[in-house]
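The values are calculated or read from the model by the stated rules, or taken from the named source; none is laboratory data. Because the structure is a prediction, the values reported are computed rather than measured. All Cβ positions, even for glycine, are placed from backbone atoms using ideal geometry, and neighbour counts span all protein chains on display. Remember, those area values only see protein heavy atoms, side chains included, never the ligands or the DNA or RNA. Shrake-Rupley method; radii C 1.70, N 1.55, O 1.52, S 1.80 Å.
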Amino acid sequence: MFGFATNETPELMPLPILMAHKLVKRLSECRRTDLLRYLRPDGKSQVTIEYDGNKPVRVDTVVISTQHDADVTLKKIREDMIEHVISR
C-alpha cells in the first residue's frame, strides 16, 4: 500500500502502482470481452521499477497473476499476457 502522492505521473500516483493498475484494468478487459476466454475474475499485478535517485530508469519486473481454466498451459498464459496485456 502506498500512502503518498508524487509528481512522477499526472495522476499523482507512484509510477509502479499506476502501471500495475493499468495492467489489471487491461487484464479485466481481456476477460470481459472474451478475448482470453480462459481467464477468471481474480487477477493481480506488481511492477518493480529501477530508479536512479528520483528518476525511473527501467522496468525491472512485471508480475501478473490471474485465475484461469485448469486446462490452459503456463506457456499459453505467458504468451497471451505479454501479447494482450503487457504490450498494449
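Some notes on this structure:
- Angle in degrees between helix 15-32 and the longest Cα principal axis of the chain, rounded to the nearest 10: 20
- With the helix formula -39500 (n - 2.57) applied to DSSP H stretches of n ≥ 4, the chain reaches a computed 222 nm mean residue ellipticity of -9000 deg cm²/dmol.
- Within the accessible area of the chain (1.4 Å probe), percent carbon and sulfur: 52
- Spin-label pair ASN54/THR6, simplified geometry with 7 Å Cα→Cβ offset, distance in nm: 1.1
- Our note on the geometry: Cα centres of the range 13-33 and the range 44-80, 11 Å apart.
- For the chain, averaging the sequence separation of C-alpha pairs within contact (under 8 Å, six or more residues apart) and dividing by the residue count gives a relative contact order of 23 percent.
- Average accessible surface for the chain: 72 Å² per residue, computed with a 1.4 Å probe over protein heavy atoms with every protein chain in place.
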